[in-house]
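Peer 1: Have a look at this one before I ask anything.
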Amino acid sequence: MTEAFTQGLLLSFSLILAIGAQNAFVLRQGLKREHVLAVVLACAISDAILISVGVFAFTSLSKLLPGLVPVMRWGGATFLLAYGAISFRNAWRGGEALEAGRNGVRSLRQVLATVLALTWLNPHVYLDTVGLIGSISSGFPGREAAFAAGAVSASFLFFFALGYGARLLQPLFARPFSWRVLDVVIGIVMWSIAAGLILG
């Protein structure tokens, strides 16, 4: 059981560490201290659901919904292109700093809608959590639950660390120029993922 848990934990960490649309958004919310708990919980719980589906229902799901992947691919690409454009626009306009970010707090509904879209409209999330984790879990017969628990634990640990650890960077992001750089990086990440979806 311990081996299955550890393998699930390490695999999930290795998949989630790469900077992506979801991670970039969590980092931004953590820097602004805007609905951080709701954002990290939304990400971690979403991962827990997807990992559970992958581990316990991957084969049945792929047979039941063969057209799901193309729909998610194009929907995700469209959303990422739009969000990337917003990030580039924010970088162009500039002027944002942590103080300004606090004054312009978005509603919880807006923030959750964005983070859930970044999570559930990204086909890579399904490939990683449902596809890869689901298929690898089959190598631990009888210990799938422990493997899934390890993978889910990694997700919770990572998102809470990212969301609440972001405040350590606050002195850097007290300067508007840092926000412009972050927005450019986020835009590049979003458009790169979108390009991969469209061309892949």
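Peer 1: Out of every Cα pair in region 1-58, what percent are spaced more than 13 Å from each other? The partial results should precede the final answer.
Peer 2: Values: 1149 of 1653 pairs.
For region 1-58, the fraction of Cα-Cα distances above 13 Å is 70 percent.
Peer 1: What FRET efficiency do you get for Val184 and Leu37 if R0 is 30 Å and r is their Cβ-Cβ distance, rounded to the nearest 0.05?
Peer 2: Given R0 = 30 Å and the Cβ-Cβ separation, E is 0.60.
Peer 1: Report the Cα centroid-to-centroid distance between region 7-55 and region 177-192 in angstrom, as an integer.
Peer 2: So the two Cα centres are separated by 19 Å.
Peer 1: Kirkwood Rh over alpha-carbon pairs of region 107-197, then Stokes-Einstein at 37 °C and 0.692 mPa s: what D in µm² s⁻¹, rounded to an integer?
Peer 2: It diffuses with D of about 204 µm²/s by this estimate.
Peer 1: Still on this model: Provide the per-residue ³J(HN,Hα) series for region 123-136, in order, calculated from phi with Karplus coefficients 6.51, -1.76, 1.60 and θ = phi - 60°, each as a whole number of Hz, with x at glycine and proline positions.
Peer 2: x, 4, 4, 5, 5, 6, 6, 7, x, 5, 4, x, 5, 5
Peer 1: Let me ask something else about it. Kindly sort Thr119, Thr6 by accessible area of their heavy atoms, largest first, with the probe set to 1.4 Å.
Peer 2: Numbers: Thr119 0, Thr6 55 Å².
Order by accessible area, largest first: Thr6, Thr119.
Peer 1: Can you tell me the FRET efficiency between Arg175 and Trp92 if r is taken as the Cβ-Cβ distance and R0 is 22 Å, rounded to the nearest 0.05? Intermediate values should be presented prior to the final figure.
Peer 2: On the way: r = 17 Å, r/R0 = 0.77.
E between Arg175 and Trp92, to the nearest 0.05, is 0.85.
The values are calculated or read from the model by the stated rules, or taken from the named source; none is laboratory data. Fair warning: this is a prediction, and the values are worked out from it, not measured in the lab. With ideal geometry, Cβ positions are generated from the backbone for all residues, glycine too; neighbour counts draw on all protein chains shown. With ligands, DNA and RNA removed, areas are computed over all heavy atoms of the protein, side chains included. Shrake-Rupley method; radii C 1.70, N 1.55, O 1.52, S 1.80 Å.
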